[in-house]
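Chemist: Sharing a structure, written as structure tokens. Questions coming.
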Amino acid sequence: MKKNVVIVLAVVIVIAVAAHFADKATRLRGKTVLKVDNTGAGEPAPEVSLKDLDGKDVTLAQYKGKVVLVNFWATWCDPCRVEIPWLIEMQQKYSARGFTVLGVAMDEEGRSVVAPFVNKERFDVNGSKSLMNYPILIGNDAAADKFGGLLGYPTSVLINRDGKQIKRITGLISYEEIAQGIESQL
């Protein structure tokens, strides 16, 4: 009996150590971009209709003529929380020039979790605390599938004024790279 306990304990320790090192090796750090995937580049953005936090239908087509960064995120996602201040700043900086971020919240609990988060959480943007200042939509798997599916959060898709996909980023965005992409389309 003692031999079995020792073996089980050893296996558990080995699994825990392996999981620790696997997590450490795959964790995003700083402004690292996980994956830039331009397979959808040049293709039209999909037709998507989602509900906003007030329950109103919002379509991506309503934003034709604007440069749009569709950002799939979740309230529990740490890299998402890192990039939210950058998205707030981009919305402030570029909205007057025809740009918007569309935040698509993918929390399974939907509006009941997302609305309080959006109304309560404040993010440090250039030394001041700011609320999310861009439209937040409640996402679903069908919408994500129309964008080619999601491999993780956050996932962002940059769409030009003509409604064509320019760039897709899975993982934490690089502020400089996405700002450059936005500016090239304005």
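The values are calculated or read from the model by the stated rules, or taken from the named source; none is laboratory data. It should be emphasised that the depicted structure is a prediction, and the values quoted were computed from it without experimental measurement. For neighbour counting, all protein chains shown are included, and Cβ atoms are generated from backbone atoms with ideal geometry for every residue, glycine included. SASA here: full protein model, heavy atoms, side chains in, ligands and nucleic acids out. Shrake-Rupley method; radii C 1.70, N 1.55, O 1.52, S 1.80 Å.
Chemist: Assuming 0.36 nm per residue, please report the length gained on full extension of the stretch K120 to I7 beyond their Cα-Cα distance.
Modeler: 35.8 nm
Chemist: Taking 0.36 nm per residue of sequence separation and subtracting the Cα-Cα distance, how much length would be gained by fully extending the chain between L151 and E47, in nm to one decimal?
Modeler: Gain in length upon complete extension: 35.4 nm.
Chemist: What shape does the range 64-105 have by the C-alpha gyration tensor, where a ≥ b ≥ c are the square roots of the eigenvalues, rounded means a/c under 1.5, and otherwise prolate means a/b greater than b/c and oblate the rest?
Modeler: Oblate, because a/c is 1.5 or more while a/b does not exceed b/c.
Chemist: Can you work out the FRET efficiency for the pair N140 and V82, with r the C-beta to C-beta distance and R0 = 35 Å, to the nearest 0.05?
Modeler: 0.90
Chemist: Sticking with this structure for a sec: Could you give each residue of the range 114-121 its phi-based ³J(HN,Hα) in whole Hz, using Karplus coefficients 6.51, -1.76, 1.60 with θ = phi - 60°, and x for Gly or Pro?
Modeler: Once θ is set to phi - 60°, the couplings for the range 114-121 become 6, 4, x, 4, 5, 7, 9, 5 Hz.
Chemist: Probe of 1.4 angstrom, ligands and nucleic acids ignored: what's the accessible area per residue over the range 56-186, in square angstrom?
Modeler: With all protein chains present, the range 56-186 gives 45 Å² per residue.
Chemist: Based on the alpha carbon coordinates of the range 62-183, what radius of gyration and maximum Cα-Cα distance (Dmax) apply, in Å?
Modeler: Just the Cα atoms of the range 62-183 yield Rg and Dmax of 13.4, 38 Å.
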